[in-house]
Amino acid sequence: MTSRLRRFLSFSSIPLLLSCGAAAVSDGSAPALVSQGQELATGTPAGNGVVLFLNDYSTTLAVLDTQVPLNLLAAQSLMDWREGPDGVLHTGDDRRFVSIEQVDAVPNVGPAALAALETYARGTGRVELPVDGWVGTFQGVTFNVAEARRALAVVNAQSASALQASYGVSAAAANAIVSARPFFHILKLGRLPAMDGTSLQNLKTATQQAAEGEPCTGATTCQSGLSCNGIPGDASSPYGRCITTAPTPGDGESCSLFVPCQSGLTCHGLASGATEGWCRPAWMEGEFTAYSDLTLQGNTTPQMSTQPVVGLATVPEDITVELDLAHNNPSKLVLTLEDPGGETALLWDGPNEGTPPKRIPVTRGIPRDGTINGLWKLHVVNPSGVGNGKLREWKLKLNSRWD
């Protein structure tokens, strides 16, 4: 399951690669201001990353004990479970984790071990995240994906003297960086013994100017010629996106399924059922996924899942919802979508319309001159109370324009 923001807002096709990390313990608590952080649960990006890490044959007892690092008893218990009854890997009774619940059930594995596993999986790039997704907190300094990429680009290329003079890194840390590089993940940099919080913060501050499509927090945080756009006014996220202010050739021209837009533009209107649409800059289109894991046990009381939207223009054009719903009586469900301004659309009326499809274009209720950046809400209610299941995730696909 992935969450992708089209083109400029997409997950990078170049992941943070893997490398051996130092054994020092690092702080790993998520900051409250980052709205993208998801609870460690089965099916979320963090959950998938932890499970894939534990199932990798290169994940040995030494890696778990000294690099994550875990309590030795927890590390040994995880290896014992993987090895199966015969206690030997690469044999027919080997076992693989398929859920976080299985990991949590292993003896000696508790909240501290799960938190350490998540920190390690995030910091080594095993968790697929949007560019403003939280990676980790090291020496008290938090990094999202874009910030980590910019910091690593600098430490892998600059001399020790430049790291000190231009990026505020201490002499000890600068020399240690040059000796230890290349750095393929932020965890290794954050745990470098000579690195301290001041040097890390100075490095982050000196590399704060974001490239096109990257997250920004204000006018001064984008590179020259770019503007920080789409920070929600409801404080649901501190981020916008850096966009170019230059005119895009072909913007506003007509398009269709058979007559596509020029490169750098996307065709709006088709998702809502039109046969002819209009071309807009690619950054005005986005996909946002909420890993809700919302339990629906005869919920006569409405349940709600939220998803912040950032970095788009000012008002919506196309609105589409995609559902990952596992329910034994889905035709009993009523789903309502609410935009950041409080406008609502009856997304699906199960008692009168039957089982909801996976993909639902929103063509009723929410006006096309309302707010687009901010907190969107999906309400789910079961008036009859019959049936149970789970909303595992939902995806919001949006096209936008200037009001």
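Have a look at Glu338, Glu343 and point out the one that is touching a Phe, Trp or Tyr at 6+ places or on another chain (Cβ under 8 Å) and of a type outside the set (Ser, Thr, Tyr). Talk me through it step by step, then tell me what you get.
Values: Glu343 fails: touching a Phe, Trp or Tyr at 6+ places or on another chain (Cβ under 8 Å).
Only one candidate qualifies: Glu338.
Given the structure, is Thr355 touching a residue at least 12 places away in the same chain (Cβ under 8 Å) and in contact with a helix residue (DSSP H, G or I) (Cβ under 8 Å, 6 or more places away or on another chain)? Please lay out each step first, then the result.
Details: touching a residue at least 12 places away in the same chain (Cβ under 8 Å): yes; in contact with a helix residue (DSSP H, G or I) (Cβ under 8 Å, 6 or more places away or on another chain): yes.
Yes: the conditions hold for Thr355.
Modelled with pLDDT of 95 or more, open to solvent by 30 Å² or more (accessible area, probe 1.4 Å) and either among the basic types (Lys, Arg) or more than 30 Å from Asn202 (Cα to Cα) (or both): which single residue out of Leu78, Leu64, Leu73, Leu89 fits that description?
Values: Leu78 fails: open to solvent by 30 Å² or more (accessible area, probe 1.4 Å); Leu64 fails: open to solvent by 30 Å² or more (accessible area, probe 1.4 Å); Leu89 fails: modelled with pLDDT of 95 or more.
Within the list Leu78, Leu64, Leu73, Leu89, the selection yields Leu73.
If I filter the stretch 210-233 down to residues being of a type in the set (S, T, N, Q) and in a strand (DSSP E or B), which single residue comes out as least open to solvent (accessible area, probe 1.4 Å)? Can you show your working first?
Quick first cut of the stretch 210-233, residues of a type in the set (S, T, N, Q) only: 217, 220-221, 223-224, 227, 229.
Checking which are in a strand (DSSP E or B) leaves us with 227, 229.
Working: Ser227: 43, Asn229: 20 Å².
Across the stretch 210-233, the extreme among qualifying residues is Asn229.
Looking only at the stretch 337-356, decide whether some residue is of a type in the set (Phe, Trp, Tyr), open to solvent by less than 20 Å² (accessible area, probe 1.4 Å) and modelled with pLDDT of 95 or more.
Here is the first cut: in the stretch 337-356, the ones of a type in the set (Phe, Trp, Tyr) are 348.
Those left that are additionally open to solvent by less than 20 Å² (accessible area, probe 1.4 Å): none.
No - not one qualifying residue is present in the stretch 337-356.
Tell me whether the stretch 234-242 contains one or more residues that are over 30 Å from Val155 (Cα atoms) and either in a strand (DSSP E or B) or not acidic (Asp, Glu) (or both). Spell out how you get there, then give the answer.
Taking the stretch 234-242 and keeping what is over 30 Å from Val155 (Cα atoms), we get 234-236.
Then drop every residue that is not either in a strand (DSSP E or B) or not acidic (Asp, Glu) (or both), which leaves 235-236.
Yes, the stretch 234-242 has at least one match.
Quick one: in the stretch 244-268, which of the residues that are open to solvent by less than 40 Å² (accessible area, probe 1.4 Å) and touching a Cys at 6+ places or on another chain (Cβ under 8 Å) is nearest to Thr207 (Cα to Cα)?
Filtering the stretch 244-268 for residues that are open to solvent by less than 40 Å² (accessible area, probe 1.4 Å) and touching a Cys at 6+ places or on another chain (Cβ under 8 Å), the one nearest to Thr207 (Cα to Cα) comes out as Leu265.
Condition first: under 15 Å from Arg149 (Cα atoms) and either open to solvent by 20 Å² or more (accessible area, probe 1.4 Å) or in contact with a Ser or Thr (Cβ under 9 Å, 6 or more places away or on another chain) (or both). Now tell me which residues in the stretch 168-201 satisfy that.
If the condition is that a residue be under 15 Å from Arg149 (Cα atoms) and either open to solvent by 20 Å² or more (accessible area, probe 1.4 Å) or in contact with a Ser or Thr (Cβ under 9 Å, 6 or more places away or on another chain) (or both), then Arg181, Pro182, Phe183, Phe184, His185, Ile186, Leu187, Lys188, Gly190, Gln201 are the ones that fit.
How many residues does the stretch 208-260 contain that are hydrophobic (A, V, I, L, M, F, W, C), farther than 20 Å from Val315 by Cβ and more than 26 Å from the chain's Cα centre (by Cα)? Break it down into steps so the answer makes sense when it comes.
Quick first cut of the stretch 208-260, residues hydrophobic (A, V, I, L, M, F, W, C) only: 210-211, 216, 219, 222, 226, 228, 231, 235, 242-243, 246, 255, 257-259.
Cutting the leftovers down to farther than 20 Å from Val315 by Cβ gives us 210-211, 216, 219, 222, 226, 242, 246, 257-259.
Right, trim to more than 26 Å from the chain's Cα centre (by Cα) and you get 246, 257-259.
So the count comes out to 4.
Table: residues versus (1) more than 18 Å from Thr137 (Cα to Cα); (2) out of contact with any helix residue (DSSP H, G or I) (no Cβ under 8 Å at 6 or more places or on another chain); (3) free of Cβ contacts under 8 Å to residues at least 60 places away in the same chain.
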residue: Asn175; (1), (2), (3): yes, no, yes
residue: Pro193; (1), (2), (3): no, no, no
residue: Leu200; (1), (2), (3): no, no, no
residue: Ala206; (1), (2), (3): no, no, yes
residue: Glu212; (1), (2), (3): yes, no, no
residue: Gly233; (1), (2), (3): yes, yes, no
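What pairs come out if I take residues in the stretch 243-263 that are touching a residue at least 24 places away in the same chain (Cβ under 8 Å) and on the phi > 0 side of the Ramachandran plot and pair them with residues that are open to solvent by 90 Å² or more (accessible area, probe 1.4 Å) and hydroxyl-bearing (Ser, Thr, Tyr) whose C-beta lies under 9 Å away, six or more apart or interchain?
Every condition considered, the pairs that remain are Gly250/Ser263.
Quick one: in the stretch 357-403, which of the residues that are of a type in the set (Ser, Thr, Tyr) and closer than 25 Å to Leu265 by Cβ is surrounded by the most Cβ atoms within 10 Å (Cβ to Cβ)? Show your work before the answer.
Of the stretch 357-403, the ones of a type in the set (Ser, Thr, Tyr) are 363, 371, 384, 400.
With closer than 25 Å to Leu265 by Cβ added as a condition, the list becomes 363, 371, 400.
Numbers: Thr363: 13, Thr371: 20, Ser400: 26.
Here the residue is Ser400.
The values are calculated or read from the model by the stated rules, or taken from the named source; none is laboratory data. These figures come from a predicted structure and were not determined experimentally. Quick reminder, even Gly has a Cβ in these numbers, built from the backbone with ideal geometry, and neighbours come from all protein chains shown. When the accessible area is computed, the model is the full protein with side chains, heavy atoms only, and any ligands, DNA or RNA have been set aside. Shrake-Rupley method; radii C 1.70, N 1.55, O 1.52, S 1.80 Å.
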